[in-house]
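Scroll down for the structure; my scribbles are underneath it.
The values are calculated or read from the model by the stated rules, or taken from the named source; none is laboratory data. Predicted model only: the values in this text are computed from it and were never measured. Because the Cβ atoms are built from the backbone with ideal geometry, glycine has one as well, and the counts that use them run over all protein chains shown. All accessible areas refer to the heavy atoms of the entire protein, side chains included, with ligands and DNA or RNA removed. Shrake-Rupley method; radii C 1.70, N 1.55, O 1.52, S 1.80 Å.
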Amino acid sequence: MKTAPYLPSLIAAICAISPSPLSASEEAAFTLQVLHLADAEAGLLAAQTAPNLAAILEGFEDDHPNTLILSGGDSFIPGPFLNAGTDPSITPVLRDVFANGSLSTAFGRPDIAIHNILGVEASAIGNHEFDLGSNVFSDAIRPASNGSWIGATFPHLSTNIDFTADPLNAAFTTVLLDGAATPVPDAATQQGRIVPTAIITKGGERIGLVGVTTQVLESIASPSGARVKGFAEPRTGVDDMDLLATQVQPFIDELIAEGVNKIILLSHLQQLANEQSLATKLSGVDIILAAGSNTRLGDADDVAVAFPGHEANFAGTYPLLTQGTDGKPTAIINTDNEFTYLGRLVVDFDAAGEIIISHFATRIAENGAYAATAANAAAAWNVDEAELGTTAFAAGTKGARVKQITDAIQGVINAKDGLVFGFTNVYLEGERAFVRREETNLGNITADANVAALRSVIGGSAPIISLKNGGGIRAQIGAVSSAGGSAEKLPPLANPAAGKPAGGISKLDIENALRFNNRLMAFEISPIGLKAVLEHAVAVWPNNGRFPQIGGMAFSWSGAMPAGQRVTAISLIGDDGLQSAAIYASGGFIPGAPAVIPMVSLNFLANGGDGYPFKDNADNFRFILDDGSLSPVIDESLNFTAAEVVPANVIGEQQVFEEFLEDRHATPQNAFNIAD
């Protein structure tokens, strides 16, 4: 166990909120244990982490009579795990795990099945549930009418999304804000449904749940018709905590009117700072389960563990303490994604339903973040690791049932890890904290691959530029060594079982890193248009999914300048890596710069994803096709991501990267060698 670096800050936070904490009643009238996860986003780690997290959760579940199991959303994400989960071989596994001979698999169903096994009782709605459209989300959480799927055995909550024009509206339950005349529904009656607020009863005490979803949903995902409330036009949502507070507070007030005095906000707002701000604008909220930011919080004795793509550190104290407009304390909790940590909050309430914050100092041994390791699973079950097979992973346990699913999916995934396209001598940085704030080597090489794809179509030697969003890079390509407590970043490890050599970049690596497999679009842009696009790219910084990863150009910018005035210089870079032409410097455009520049980007961004203003600043949008040609020009009024608009033979970023590696880095002798 660690010493207590966070304990002083915890005590300071307690005192800042309540200068005389001991003046309030110290006797707990009700104790609640909240076990939680956020951003499950199963990827390559799931086969290791999800079973361990399930075992830890089950080990803790009965330690307190009143236990609530919650999720912060992003239950699944496009990538190898999601794709492999649709393989027909997974259907008999689901049937065996749930003893239901009629079940069949589809996108997201194995992920929801894992949440069902964990015993999740309610979840926020994240953005990634919509990445493949609302129908996929609906099919994953709703019971199938023919009995072929059980659906989510828990509700999803959101107050600020309007589903009226969306296929999910059929699953939406309206809650009337009528001052308790119509009861808020019990969560158990809303399985497989979406509801703004619900109640769960534990030990005779009613606990109110309210949900919120990121206000930039329409810019970063692909809901079919769902709209973020409060914004007149699609894709115009911004983080506006004042607006969100006015939308959420009425549902909190409704719960209070019904006599509920313990309220938890399930919040998926992408940036922990949003939850911290929102907490101070609400009244009556006791706990906020934050999600979307993958922020690791830990208390004094928590031990951070290095997983691939997840550094061994904590970003702050668990829980973060603040207060609402009523002056009462609010505890904010959060964990990292990919099933890497289980969060545990044991919280005492006084007779008035207020958190006794002075008790947190005595709960450090229980509360905090538990890394999903075998050692922690064994500790939760009070056994040696050698005994896990007959205890935490015995037949019928949560750990064993989750493992059945993840092992089956991992088997499908392993078949892809032996298909190697190229080699790297270095770790390719794709961790969220980096690709959303700075240039990385993985961002560079994949952007360069897109340049090469357009070059192969149009030929010539005139500069071609490329831009992709950091948020589209979902994982690193490489491994992290934790030997001796280190966190050294390494090239991909060998996988002898799959025939993968050390340093090999496999189909699995590529699918995991570029999970969305966006399609490529070519278009033409002027220097003025390019500057406008780059200004948008760096207008919000750091830790924003729009942050650019680029190829064929270089630019400088200053975060000290106002948004819209940050870009200070732009140059085009030739295929040889040398400057080809300067087009903007010292506040002015360079005479003689190319009037029109060929550019390649992702169809998601070209369509306005992440708010990118390409349609306002570029022309002649065409898809790059897999036969080495371009499609006819696409009408800009169309949705560039709609199935009826995207050609069947369009090329995707995964294939382009595969071909780039085969062309330039196909052997260990010419492996990619630019460290991040």
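Some points to look at:
- A helix-only calculation puts the chain at -7500 deg cm²/dmol for mean residue ellipticity at 222 nm, using -39500 (n - 2.57) for each DSSP H run of at least four residues, averaged over all residues.
- Extending 7 Å from Cα along the Cβ direction at Asp635 and again at Thr174 yields two label points whose distance is 3.5 nm.
- Note on Lys507: lysines with a C-alpha under 17 Å away, same-chain residues under 8 apart excluded, are Lys416.
- The local environment of Ile356, defined by Cβ-Cβ distances under 14 Å, has a net charge of -3 under the rule Lys, Arg +1 and Asp, Glu -1.
- Heavy-atom accessible area with a 1.4 Å probe sorts Arg664, Arg206, Arg436, largest first, into Arg664, Arg206, Arg436.
- Among the listed pairs Lys229/Lys468; Lys500/Lys531; Lys489/Lys615, those whose Cα-Cα separation exceeds 32 Å are Lys500/Lys531; Lys489/Lys615.
- Between Ala642 and Ala675, the distance separating the two model label sites (each 7 Å from Cα on the Cα→Cβ line) works out to 5.0 nm.
- Shape of the range 299-416, Cα gyration tensor, a/c cut at 1.5: prolate
- Carbon/sulfur fraction of accessible area - the range 510-553, other protein chains in place, 1.4 Å, %: 54
- As a fraction of the 1.4 Å probe accessible area of the range 559-676, surface on carbon and sulfur atoms comes out at 50 percent.
- Taking the accessible area of the range 289-404, probe 1.4 Å, and keeping the other protein chains in place, the carbon and sulfur fraction comes to 50%.
- Sequence-distant residues sharing a close amide H with Ser283 (under 5 Å, placed H): Thr325
- Percent RCO, i.e. relative contact order, over the range 575-631, from Cα pairs under 8 Å lying at least 6 residues apart: 14
- Relative contact order of the range 142-253, defined on C-alpha pairs under 8 angstrom at six or more residues apart (%): 29
- Phi angles of the range 431-440 translate, via the Karplus equation with coefficients 6.51, -1.76, 1.60 and θ = phi - 60°, into HN-Hα couplings of 5, 3, 4, 9, 5, 9, 9, 7, 5, 10 Hz per residue; Gly and Pro are given as x.
- Cβ-defined net charge surrounding Leu428, 9 Å radius [Lys, Arg +1; Asp, Glu -1]: -3
- For the range 364-436, the square roots a ≥ b ≥ c of the C-alpha gyration tensor eigenvalues yield an a/c of 1.5 or more together with a/b not exceeding b/c, which makes the shape oblate.
- Per residue, the range 520-676 exposes an accessible area of 44 Å² to a 1.4 Å probe, with every protein chain left in place.
- Per residue accessible area in Å² of the range 392-485, where ligands, DNA and RNA are left out and the probe is 1.4 Å: 31
- The loop-placed trypsin sites (Lys or Arg not before Pro) in the range 437-510, going by DSSP, that have at most 16 neighbouring Cβ atoms within 10 Å of their Cβ come out as Arg437.
- Bridgeable lysines around Lys328 (alpha carbons under 17 Å apart, same-chain partners fewer than 8 residues away excluded): Lys262, Lys281.
- Sequence-distant residues sharing a close amide H with Thr330 (under 5 Å, placed H): Thr322, Gln323, Gly324
- In this structure the range 148-227 gives 31 Å² per residue of accessible area when probed at 1.4 Å with all protein chains present.
- Prolate/oblate/rounded call for the range 232-353, Cα gyration tensor, a/c under 1.5 rounded: oblate
- Proximity of backbone amide H atoms, modeled 1.01 Å from N, is registered between Ala315 and Arg296, Leu297, Gly298 at under 5 Å, excluding neighbours fewer than 5 places apart on the same chain.
- Inter-label distance for Asn66 and Arg437, nm, one decimal - labels placed 7 Å from Cα along Cα-to-Cβ: 3.9
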